[in-house]
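Let me begin by presenting the structure, written as structure tokens, before commenting on it.
The values are calculated or read from the model by the stated rules, or taken from the named source; none is laboratory data. Keep in mind that this is a model prediction, so the values were computed, not measured. All Cβ positions, even for glycine, are placed from backbone atoms using ideal geometry, and neighbour counts span all protein chains on display. Side chains included, ligands, DNA and RNA excluded: accessible areas come from the protein's heavy atoms. Shrake-Rupley method; radii C 1.70, N 1.55, O 1.52, S 1.80 Å.
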Amino acid sequence: MQASLLPVEPAAATGVQWGTAYRPAQAGLRIGGDFYGSHRLADGGSVFFLGDVSGKGVEAAVFTGQLRQCLQALHRVETQPGRLLKLLNDALLETTQAHGQGRFATMVLGVARPHRDGGLTLTLAGGGHLPPLVLRESGDVEVVPLRGMLIGVVPDPRIGEVTVQLAPGETCLLYSDGVTEARGGRRGAEQFGAERLLNALAGCHRMPAPALAERVEQVTCDWLAHGDHDDIAVLALRATGPAGRAPRHLHAVPDAAGTNRTREPSA
């Protein structure tokens, strides 16, 4: 049962390199209330998503399973992100009201469409979740102005939408509040916060998507210093370039001491 409720790795897609990281709050269970994934579309694009349901542990994981099943069915009849999120909202309302659960979810859902030059167009819809980040080729980290209401709470919620263009080698990062709300520091009570996350991403724009997701998880866990935490989930997608592969490179990643650490060439 636990295996069936674990997040499913994104499906391989033309022009996209995926990176994921996942750490549940209850490590012994290996499952939790955060989720991510993707589905290929017939036109060559991909639906992708990352979200967080209310609660923790087995009950939250079961709810994420229901939500993922709904998405698997609904993306076959609707691929426009805003409308797809509203259909998902209707399905969750029916489920939670029928069972008296009162659960809800936050979520970012998008569609990635590849360009001939190796770039990507991302159409993003937001349902009460933290805004995505974009790592530009210049090294700048941009906060995507995406807003919206919680999913599964009210009929016809306000869903935010935005379109983002990724040039080859640029990356979009989705993450759960287990990252920004991780508590640590000297007294163990200070939140990691959005500013520390942005600082941790400085100089990481050339990293492959899997390494970037791993870095976000690592700096979050370093901040926690083995303390209690919420579920942590990260999904990165990188435009791979016209050859379908990200460029090979050497890149330096700032370590905790503020010095640079050179890594081996990566695809």
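The table for this structure:
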| read-out | value |
| --- | --- |
| Residue count, the range 55-100 (criterion: closer than 18 Å to V154 by Cα, aliphatic (A, V, I, L, M) and either modelled with pLDDT of 75 or more or touching a strand residue (DSSP E or B) at 6+ places or on another chain (Cβ under 9 Å) (or both)) | 8 |
| Residues of the range 1-31 satisfying the condition of being small (G, A, S) and at pLDDT 70 or above | A11, A12, A13, G15, G19, A21, A25 |
| Matching residues in the range 157-206 - criterion: being surrounded by fewer than 18 Cβ atoms within 10 Å (Cβ to Cβ), assigned to a loop (DSSP other than H, G, I, E, B) and within 16 Å of the chain's Cα centre (by Cα) | E181 |
| Identity of the residue in the range 222-267, over 22 Å from P10 (Cβ atoms) and either assigned to a helix (DSSP H, G or I) or at pLDDT 95 or above (or both), that ends up least open to solvent (accessible area, probe 1.4 Å) | L224 |
| Which numbered condition A42 misses (of (1) assigned to a loop (DSSP other than H, G, I, E, B); (2) closer than 23 Å to G178 by Cβ; (3) open to solvent by 40 Å² or more (accessible area, probe 1.4 Å); (4) not aromatic (F, W, Y)) | (2) |
| Residue count for the range 200-225, restricted to those that are within 17 Å of T20 (Cα to Cα) and of a type in the set (D, E) | 2 |
| Output for the range 114-156, where each listed residue is open to solvent by 20 Å² or more (accessible area, probe 1.4 Å), under 20 Å from L93 (Cβ atoms) and under 15 Å from the mean Cα position of the chain (by Cα) | G128, H129 |
